[in-house]
1. Once the Cα gyration tensor of segment 223-323 is found, what semi-axes does its equivalent ellipsoid get, as square roots of 5 times the eigenvalues, in whole Å, sorted largest first?
2. Under 13 Å between alpha carbons, and skipping anything fewer than 8 positions from K237 in its own chain: which aspartates and glutamates qualify?
3. Accessible area per residue for segment 10-87 in Å², computed with a 1.4 Å probe and the full protein assembly in place, what is it?
4. If you roll a 1.4 Å probe over segment 262-376 with all protein chains in place, what percent of the accessible area is carbon or sulfur?
5. Heavy atoms only, probe 1.4 angstrom, no DNA, RNA or ligands counted: give me E268, E339 ranked by accessible area, highest first.
6. List the aspartates and glutamates whose Cα lies under 20 Å from the Cα of K171, skipping any in the same chain that are fewer than 8 positions away.
7. Scaled to the compact-protein estimate 2.2 N^0.38 Å, what is the alpha-carbon radius of gyration of segment 56-204, rounded to two decimal places?
8. Would you pull out the residues with amide H under 5 Å of S309's amide H, same chain only if 5 or more places away, H placed 1.01 Å from N?
Amino acid sequence: MEKKVQGEMGWVNLLRIIACFLVVMSHSCDPFVAQFEANKGAFLTGVFTGSFVRSCVPLFVMMSGVLLLPINMSMADFYKKRIVRILIPLVFWSLALPILFFVYLNYINPGTQNPALNLANHTYDATLGNLYLFIFNFSFATIPLWYMYMLVGLYLIMPVFSGWLKQATKKDIEIFLCVWGIALVLPYIKMLAPVLGYKGNYGNMGLFGVCDWNDYGTFYYISGFTGYLVMAYYLVKYPLDWTWNKMLSITIPMFLVGYLVTSFGFIETQKHFPGNYANLEIVWYFAGINVFMMTFPVFVIVQKMNIASTPALSKLASLTFGIYLCHFVFVEVGYDVIEAIASPLPVLVKILGIACFTFGISALLVLLMKAFKPTRRFIS
């Protein structure tokens, strides 16, 4: 990501750091969420903490909208500059992370008790497969890289959106965002439809034209993360002229409602679909209305703070992309370290300890890689 105007993007740098730490913290919750019925207290703490940080990825997407829209170069130049820059780190970490997991779990700490790990996914044969199967999709060792595949897709469509945004009126953008807002409710309509008697199409439970021979339903082209890009552009071009009293009186209740729906919704879903991530993740969808209700307040509050950029803030913000790329393996190391030295402590303290350990170690690795030209391209 690039700065548009030097010295005027301190709040964006702060938001990048916040979003990155929230991502690390969300993965630090995984070992505890994965305990389900085995340890109810750990599970609930993991859910309530993991739900609190769900705005992490949407905030990253919104920063891309802030920093890259509108695009003032040809489509070919944009693709060459942005997508190639993404593909090199994607390939590198798709190879590096499975190897790091293999080495850690087979040679450094083969006795890990991390409930989020399945050691069968990190054998020699499994690791060897992951070293080329990433051309199709991410694996467990590279879970955070799902974002990279998605980001390439956003980059492919951004020049098209940019051309429209340059001539769109404020009202035009608001209409788009309203339709996108409807799309944010679709996951819950899909959950409710069977209760009302909907039996799907030949076993396919898709809605509004989705079926075995068509993935592209009514809202497909105006749903997902594209709305966060457009909303970020809109909020920068037409910033909210709210007093702090008005801002907080609207955004804090909005965040709390979104958080309560996210956390208690996850717990309720677990009661009906125990351990079924396909259903549990619906409540945690980044493009769901409840997560939007948590994302919007964080963005506009930090934007209104409009803090000045400092060298330290800029330096740390410049590390966030690299931290995101490499952090996942250190989360697993962090779990083992914290369990070894602080096992009696409350789960929330352990989660914070894992997150801080992971963020710090990842930042040090990224700093080291940035110091050498051959490795610099893999983390920025």
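The values are calculated or read from the model by the stated rules, or taken from the named source; none is laboratory data. As the structure is a prediction and not an experimental result, all values here were calculated from the model. Please note: Cβ atoms are built from the backbone with ideal geometry, for glycine as well, and neighbour counts cover all protein chains shown. Surface accessibility is based on the protein's heavy atoms, side chains included, excluding ligands, DNA and RNA. Shrake-Rupley method; radii C 1.70, N 1.55, O 1.52, S 1.80 Å.
1. Values: eigenvalues 174, 71, 36 Å².
After scaling each eigenvalue by five and taking roots: 29, 19, 13 Å.
2. E174
3. Details: 2400 Å² over 78 residues.
Using a 1.4 Å probe on heavy atoms only, each residue of segment 10-87 averages 31 Å².
4. Values: 3650 of 4940 Å².
Answer for segment 262-376: carbon and sulfur cover 74 percent of the accessible area.
5. Details: E268 85, E339 50 Å².
Descending accessible area places them as E268, E339.
6. Within the straight-line limit of under 20 Å, K171 reaches these aspartates and glutamates: D241.
7. On the way: Rg = 20.8 Å, N = 149, 2.2 N^0.38 = 14.7 Å.
In units of the globular-protein estimate, segment 56-204 measures up at 1.41.
8. M9, G10
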